[in-house]
Amino acid sequence: MTAQKDAGRILVGTASWSDPGFVERWYPKKMPAHERLAWYAQHFEMVEVNSTFYSVPDVRTVERWCATTPTEFVFDVKLHQLFSFHSTQAKLLPPELQRVARTDPKGKVNVSPALRDAMLDLFLRSMSILRSHGKLGVLLLQLSPAFSPRKHELTELAPLIERLRDYSLGIEFRNRNWVIDDQLKSTEDFLRHRQVGFVNVDAPVAEHFSIVPPDLNQVTNPKFSYLRLHGRDAKAYLTGKTVAKRFDYDYSEKEIAEVAERTRKLATEADEVHVVFNNNNLDYAPRAAIRLRKALGQNVATPSAATPELF
């Protein structure tokens, strides 16, 4: 009889720590921007960095992140959009690459293997700071919905996966056709063979090609599982003109309990589970993340007397 595996560690956080709604409604009033991360880290053990989807952080910035967070704090980092098959404006590249990148008449980059390699070199230089401090968690590749089985092959991801083989890499598919019917097993096998984590989602139940089914709980790398929570409002998800509008959703207590149960199940299959609230309108995400931590029985920071409205 096989011994039951001990449950993995569960880390809960939000996608970014500086969204406008957080600043307006969650952080103490008039808190300086440079103090927010340290305050966030009093409440959570991890954060997903989303600003890296748009720009490569400079080394000094990453040094500050490390200096202002506790020793055990973890940063999951979203890979730049250049790697995710989104069309990318040249102005979103580092200056040294803007000068050499070829673009179309609209200023969008013509992506070449050489440009990807150069971009990854710069990106990993910044990530090396987090790594040297023991604070780098999962690198997240959030693919474009345009990356579909009809137009693409999974093997197109292989060069990037190979270069990141010494990192924990998670991939979030935003086109459901990769993860339904017979294609699901092929996708799982591809990821499992390369020790890449499948990113599970909490999302609306809808048949639209850009919404991945929320009933998947795939673990393709036993070292970690990843769950991103996008809210459950299909209309907002499909028609929202801004990120905040797309993921405008406030989880109920019943739904938080469901997420807690799902998370515990994932923790029986993975050494670590990263749960990221991406319902980033107003202060919904940090409040939901704190409620989940409480539902999981985790210790949550007590608010100071100066900010009794937080909880």
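The values are calculated or read from the model by the stated rules, or taken from the named source; none is laboratory data. Being a predicted model, the structure only gives us computed values, none of them experimental. Ideal geometry is used to build each Cβ from the backbone, glycine not excepted, and the neighbour counts take in all protein chains shown. The area values use the complete protein model at the heavy-atom level, side chains included, leaving out ligands, DNA and RNA. Shrake-Rupley method; radii C 1.70, N 1.55, O 1.52, S 1.80 Å.
Observations on the structure shown:
- Aspartates and glutamates whose Cα lies under 13 Å from that of Lys235, excluding same-chain neighbours fewer than 8 positions away: Glu207, Asp248
- Ligands, DNA and RNA are left out, and with a 1.4 angstrom probe the accessible area of the chain is 48 Å² per residue.
- Over 18 Å between alpha carbons, listed pairs Lys78/Lys241; Lys78/Lys135; Lys108/Lys151: Lys78/Lys241; Lys108/Lys151
- In the chain, the portion of solvent-accessible area held by carbon and sulfur atoms comes to 51 percent [1.4 Å probe, whole percent, DNA, RNA and ligands not counted].
- Positive-pole candidate from Asn221, Gly240, Ile211, dipole of segment 211-311, charges at beta carbon: Gly240
- Distant-in-sequence amide H partners of Ile10 (H built 1.01 Å from N, under 5 Å): Val273
- Amide H contacts of Gln142 (H built 1.01 Å from N, under 5 Å, at least 5 apart or other chain): Leu79, Glu172
- At least 24 Å along the helix axis (C-alpha) and Kyte average at least -0.5, DSSP helices within the chain: 113-132
- About the Cα centre, charge dipole magnitude for the chain (Lys/Arg +1, Asp/Glu -1 at Cβ), debye: 660 debye
- By the rule of a C-alpha distance below 14 Å, with chain neighbours fewer than 8 residues away ignored, the aspartates and glutamates paired with Lys294 are Glu45, Glu253, Glu255, Glu258, Glu261.
- Most fluctuating residue given options Ala234, Ala114, Ala41, as computed from a GNM of the chain linking Cα atoms under 10 Å: Ala114
- Options Pro32, Gly137, His274, ranked by Cα towards positive dipole end of the chain, top entry (Cβ charges): Pro32
- Averaging the Cα positions of each part gives two centres, and for segment 257-302 and segment 1-71 these lie 14 Å apart.
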